[in-house]
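The next block holds one structure in the form of structure tokens; read it before the comments.
The values are calculated or read from the model by the stated rules, or taken from the named source; none is laboratory data. Everything numeric in this text was worked out from a predicted model, so none of it was measured. Please note: Cβ atoms are built from the backbone with ideal geometry, for glycine as well, and neighbour counts cover all protein chains shown. When the accessible area is computed, the model is the full protein with side chains, heavy atoms only, and any ligands, DNA or RNA have been set aside. Shrake-Rupley method; radii C 1.70, N 1.55, O 1.52, S 1.80 Å.
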Amino acid sequence: GVYMGMPFLAAVGEMEGDHEKLEDAVAEYSITRSHLRDPETGLYYHAWDEARVQEWADPQTGRSAHFWARGLGWYAMALVDILDVIPAEETGLRGQIQEIIPELAESLVNAQDETGTWYQVMDMPNEPGNYLEASGSAMCVYFLAKAINKGYLPDAYREAVEKGYLGLVSEFVAIDAEGEYHLANICATAGLGYGRDGSFRYYMSERVVKNDPKGLAPAIMAMLQVSELMN
């Protein structure tokens, strides 16, 4: 929700000269952090229900049970993308976003698999059935690479970016007999609600497909950022 709405809301606010829209957009990141971030790992739970009535919601915290790679990847991309919109003179608003970036980057690197990629359910890497997932991995690489390119992260994170890029290619990119490239291991969808209970079994039950736009687009975006970083 943050990725799909907040950079757009901020852009509209900047276009219209409506400072309140910029403030509202940035506030959503802080709200998300306060309710979804796990203090031990620094990773974010998939969702939060303020009313605590959804079947996937913990009755005490309102949070879902697991960290879903693509959900967290969207949030990570939104952090660096909204800064393309917020004017440089808005140092207070930019600072709120920039404070979150290194914190999340450290958590993502800690969760990075030895292959350089990330698991579909990030908090259960050793659970039978869990798998390395392409879209979330691409989003994490995009976030880290762009954050370095824009000066939000130090160059020390370059190693994780290079490892992630090599992982994307070696784990997910395949060439068929006709010489066509494909991106594999993309979770088709993994929303919550409407019978989707947020259990580990649920995340494993969703279809795994290839060449889905939710994986292809972030992979292309990630590789463009990596190319810029390497050049």
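Tabulated results
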| quantity | calculated |
| --- | --- |
| Taking the convex hull of Cα positions in region 145-215, its mean projected area over all directions (nm²) | 7.3 nm² |
| FRET efficiency, 1/(1 + (r/R0)^6) with R0 35 Å, evaluated for Asp176 and Asn110 via beta carbons | 0.50 |
| Shape box of the chain [Cα atoms, principal axes, largest first, Å] | 53, 49, 31 |
| Separation in nanometres of the label points that stand 7 Å from Cα toward Cβ, at Met4 and Val169 | 3.3 nm |
| Under 5 Å, built H, 5+ apart or other chain: amide partners of Arg63 | Asp49, Asp58 |
| The chain, relative contact order in percent, only Cα pairs under 8 angstrom and at least six apart counted | 18 percent |
| Region 2-123, Rg to Rh (Cα coordinates; Rh as Kirkwood inverse mean 1/r) | 1.00 |
| Phi to ³J(HN,Hα) by Karplus 6.51 cos²θ - 1.76 cosθ + 1.60 over region 226-231, Hz, x for Gly, Pro | 4, 4, 4, 5, 6, 9 |
| Of Phe200, Ile148, Thr189, farthest towards positive along the dipole that unit charges on Lys, Arg, Asp, Glu beta carbons give region 123-213 | Ile148 |
| Estimated vicinal HN-Hα couplings, Hz - region 78-90 in sequence order (Karplus 6.51, -1.76, 1.60; Gly, Pro = x) | 5, 4, 7, 6, 5, 5, 6, 9, 6, x, 4, 6, 7 |
| Positive-pole candidate from Met124, Ala47, Ile82, dipole of the chain, charges at beta carbon | Met124 |
| Distant alpha-carbon pairs in region 56-171 (separation over 16 angstrom), percent | 61 percent |
| Fraction of accessible area attributable to carbon and sulfur, the chain (%, probe 1.4 Å) | 50 percent |
| Accessible-area ranking of Tyr165, Tyr142, largest first, probe 1.4 Å | Tyr165, Tyr142 |
| Solvent-accessible area per residue, Å², over the chain with all protein chains present [probe radius 1.4 Å] | 48 Å² |
| Overall Cα dimensions of region 61-102, principal axis frame, Å, largest first | 39, 21, 17 |
| Region 15-60: C-alpha pair distances exceeding 16 Å, % | 53 percent |
| Mean separation of Cα contacts under 8 Å (6+ apart) over length of region 6-70, as relative contact order % | 20 percent |
